[in-house]
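Quick notes on the structure that follows.
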Amino acid sequence: MRYLEMYTPYKINVKSAEGIYIYDINGNKYIDTFSGIGVMALGHTNKKVNEAIIKKLKKHSHLSNFFLDENTEEVAELLTVKDEKVFFTNSGTESMEFALKTVKKIIGDSKILYFSNSFHGRTLGALSVNGFENLTKPFKPLLPNTIKCEFNNLEELKNIFSKNKDIKAIVFEVIQGSGGIKLIDRDFIDLIREYSLKNNSILIADEIQSGLYRTGYKYAFEEFDVEPDIITLAKALGGGIPLGAVVMKDKIAKHLEKGDHGSTFAPNPLAIAASKIVLEELQKINGEINEKGTYLIKKLETIKSDKIKEIRGKGLMVGIELKESDEGLIEKGIKNGLLINVLQNKVIRLLPALNITYSEIDKIVERLRCIL
């Protein structure tokens, strides 16, 4: 096989996908519980999204960064508030790279703080603030002047802040996605905010997975009294077409000059057309997401299994942590018509389509009951 496999593919030959379902060439039907890893927020092959892509495709598929697509400013306005700017990228990793590049221009050799179990991408800059040692170790040395703190360890955070007054940027997730759906403690994020205000540190909120209404908020940090200077986005943004974005306050953007960064492809016309529809539709259903998330967690709590250690999450970003690892979970799911995403062989990450119905939630829970 000439394709270089960096992942272990599921043993399914996909024929098509629609809504929360994926169909294989043998006629089997599976529920996709993680929506292409949080990408298909409106489900697979959403009619309105597809129509927007096809309409744009009939006009053009690519123009390059010398032309401003008609939907670019519309999507920029949907993502930002007054006194903010947005730059579009092709992925979450690219968004983090640009965010770090911007920060480095401003803070120079000052320190950047990040947290254990955080995931911000796999390129060299993103790896420099990645909290997974198994991912970073083979590629060291990475960016210098970074400091890692244990996530939600308040005492360690206090100690680091007391000894490092030159921390001028802090990268954080309100909910750690790849880290196992772990929510930030309120006193932990409060201390981050206090330090950043006192020391004029740049706050970078990674909302690549948790943003765009996944948790019931446009951005997950909105639940807390914190205002990031930079927000990184991707995943659901392009409706299945690669698209990322970096939202930054004007006080950050003013440090950038033409030529400091660029992209041949972003924003791709097909992706930006899809994004307009996705964001408009998600605004309409935003009020339902928290209600459905609460419903999902309550239904999961009815599963009587001694395998379950904890169920946690916010909105429709939910994790089921097991007491012991189980390498056969994915295969068990497939046998029960359920496609699940498993972290560290023991955390089932649920990122269903945000327009999922209550009856579809019930189907997911019943099949998880069979597995667990």
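Here are the numbers for the structure shown:
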read-out	value
1.4 Å probe accessible area per residue over segment 125-255, in Å²	38 Å²
GluC sites (Glu not before Pro) lying in DSSP loop within segment 290-372, provided at most 12 other Cβ fall within 10 Å	GLU301, GLU324, GLU327
Long pairs among LYS137/LYS158; LYS15/LYS218; LYS101/LYS323, criterion Cα-Cα beyond 31 Å	LYS15/LYS218; LYS101/LYS323
Neighbour net charge for THR294 - beta-carbon separation under 15 angstrom, K R +1, D E -1	+1
5 angstrom amide H check on ILE202, placed H, neighbours 5+ away	ALA169, ILE170
Where GluC sites (Glu not before Pro) fall in DSSP loop in segment 22-127, at most 14 other Cβ within 10 Å	GLU70
Share of carbon and sulfur in the accessible heavy-atom surface of the chain [1.4 Å probe, %]	51 percent
Helix-only mean residue ellipticity at 222 nm for the chain, each DSSP H run of n ≥ 4 adding -39500 (n - 2.57), per residue, nearest 500	-10500 deg cm²/dmol
Helical segments meeting 30 Å axial Cα length and Kyte-Doolittle -0.5 threshold in the chain (DSSP H)	269-300
Average Cα contact separation per residue, the chain, under 8 Å, 6 or more apart, as relative contact order %	23 percent
3J(HN,Hα) from dihedral phi, segment 349-355, Karplus parametrisation 6.51/-1.76/1.60, rounded to Hz, x for glycine, proline	9, 9, 9, x, 4, 6, 9
Centroid-to-centroid separation of segment 172-223 and segment 271-333 [C-alpha atoms, Å]	18 Å
Segment 95-109 versus segment 239-264: alpha-carbon centroid distance in Å	11 Å
Distance (nanometres) between label positions extended 7 Å along Cα→Cβ at MET6 and LYS58	3.7 nm
Charge dipole (segment 281-334, unit charges on Cβ, about Cα centre) - positive-most of LEU329, GLN283, ILE303	GLN283
Net charge, LYS104 excluded, C-beta distance under 15 Å - Lys, Arg +1, Asp, Glu -1	-2
Percent of beta bridges antiparallel (DSSP, the chain, rounded to nearest 5)	65 percent
Segment 48-99: chymotrypsin sites (Phe, Trp or Tyr not before Pro) in DSSP loop, at most 11 other beta carbons within 10 Å	PHE66, PHE67
Spatial extent of segment 48-279: Rg and Dmax, with the Cα atoms as the point set, Å	17.6, 58
Average Cα contact separation per residue, segment 83-208, under 8 Å, 6 or more apart, as relative contact order %	25 percent
Mean separation of Cα contacts under 8 Å (6+ apart) over length of segment 309-372, as relative contact order %	33 percent
Among ALA205, GLY240, VAL171 the positive-end extreme of the charge dipole of segment 170-242 (Cβ point charges)	GLY240
Column: log10 I(q)/I(0), Debye, Cα scatterers of segment 256-372, q = 0.13, 0.14, 0.18, 0.19 Å⁻¹	-0.63, -0.69, -0.92, -0.98
Charge-dipole axis of segment 26-99 as Lys and Arg at +1 and Asp and Glu at -1 on Cβ define it, positive-most pick from ASN26, ASN65, VAL49	ASN26
The chain - charge dipole about Cα centre, Lys and Arg +1 at Cβ, Asp and Glu -1, debye rounded to 20	660 debye
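The values are calculated or read from the model by the stated rules, or taken from the named source; none is laboratory data. Just so it is clear, the model here is predicted, and its values are computed rather than measured. As a convention, Cβ positions derive from the backbone with ideal geometry for all residues, glycine included, and neighbour counts pool all protein chains shown. Just the protein is used for accessible areas: all its heavy atoms, side chains included, with ligands, DNA and RNA removed. Shrake-Rupley method; radii C 1.70, N 1.55, O 1.52, S 1.80 Å.
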